[in-house]
Amino acid sequence: MKNRILAISARADFGGGSEHLYTLTTGLTSTYIVDIACPNQLPYWPKFAACTNGKLFEIPFRKLSL
């Protein structure tokens, strides 16, 4: 039985964090079940859905305010 990993990201739009998470997920899916929690944003939401062998959970987009 494969172990599970839950990756949580407050953003799924353009940026280094989203790309890093995508690269990690594609490399880990042969060994682990990877679940991702992130906002439903382009371009990474469909990429995460295609590469993960686990579940994709939608969370709110991170908003910054003063």
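Quick rundown of the values:
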| read-out | value |
| --- | --- |
| Within region 29-38, tally of residues that are more than 9 Å from I5 (Cα to Cα) and either open to solvent by 40 Å² or more (accessible area, probe 1.4 Å) or of a type in the set (S, T, Y) (or both) | 3 |
| Of all residues in region 46-66 being surrounded by fewer than 13 Cβ atoms within 10 Å (Cβ to Cβ) and hydrophobic (A, V, I, L, M, F, W, C), the one that is farthest from K2 (Cα to Cα) | L66 |
| The one condition in (1) among the charged types (D, E, K, R); (2) at pLDDT below 90; (3) touching a Ser or Thr at 6+ places or on another chain (Cβ under 8 Å) that D35 fails to fulfil | (2) |
| Subset of region 16-45 (residues that are part of a strand (DSSP E or B) and charged (D, E, K, R)) | D35 |
| Region 1-23, subset among the hydrophobic types (A, V, I, L, M, F, W, C) and in contact with a strand residue (DSSP E or B) (Cβ under 7 Å, 6 or more places away or on another chain), residue surrounded by the most Cβ atoms within 10 Å (Cβ to Cβ) | A12 |
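The values are calculated or read from the model by the stated rules, or taken from the named source; none is laboratory data. Given the structure is predicted, the values throughout are model-derived calculations rather than measurements. Glycine also receives a Cβ, built like all others from the backbone with ideal geometry; neighbour counts cover every protein chain displayed. Ligands, DNA and RNA are excluded from the accessible area calculation, which covers all protein heavy atoms including side chains. Shrake-Rupley method; radii C 1.70, N 1.55, O 1.52, S 1.80 Å.
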